[in-house]
Amino acid sequence: MAPSPLIGSPPPDSPLTPSPLIGPGELSAYGPLPAPRPHTGAELAAVERLLAPPGAEAGSVAVGHGRDDASRAAAGAFADAWRARGGTVAAVVNWPETAASWLRAARRLTEAEPDAWVVAAALPGFAQLARRLRHSTGWDPSRTVAFASLHDSRLPALAGRDAVHGLRGATPEGGTWEIRGTWLVDCPDVSGPVPGGSVLGGGRGRLRG
């Protein structure tokens, strides 16, 4: 697994930005950011695999998504698949790409105290939300799984080095990835066990009895 170099990353000792808001200058420094693409079946399967292996208790998941069509569709597909598996969808929350503070979305995403989170979103809006989540709630990125729209080495640089550490996600081909500090590490193997164990079935999450 080789880490992906950050594009325009901050200095290694740069702290998590105290303010949840990313200024226009910060966003423009990273160049054009891609819009989410429609998810694939392999991607959805990898998201489920990262959350819990087949046969494991499904648990409670809060789903968050951007307001673009691809993110909405990915979130809806996951919610349907998770309920069909016997899991609980604790909340479905959306957010805009620009907002005054993102506090309302952050609170709605965490107030049900789910076992895990799934996100499908464009990079700029989620980076802002991740800052707010870490700043103002008990959200844990290591119990969060993302669709491929967030598979971008600029995410930890934009969100802040501590804001998304431990976040994992899927690729369109069914591989997985993880953010470790300021690095995005890819694991393209689609057939082997999930590196580090699944969120709800491998010790990362906490299922309430």
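All of the numbers you see were taken from the coordinates with simple rules; none came from a lab. What you see is a predicted model, and the numbers here were worked out from it, not measured in a lab. Virtual Cβ from ideal backbone geometry, glycine too; neighbours counted across all protein chains shown.
Table for the structure above
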| quantity | calculated |
| --- | --- |
| Spin-label pair Ala81/Glu111, simplified geometry with 7 Å Cα→Cβ offset, distance in nm | 2.9 nm |
| Listed residue (Pro141, Gly160, Ala121) projecting farthest to the positive dipole end of segment 117-190, Cβ model | Gly160 |
| Euclidean distance of C-alpha centroids, segment 45-67 and segment 80-117, integer Å | 12 Å |
| Pairwise label distance in nanometres, Asp162 with Glu57, each label 7 Å out on the Cα-Cβ vector | 3.1 nm |
| Inter-label distance, nm, simple model (7 Å from Cα along the C-beta direction), Thr98/Thr137 | 2.3 nm |
| Length released on extending from Ala29 to Arg180, taking residue separation times 0.36 nm less the Cα-Cα span | 52.1 nm |
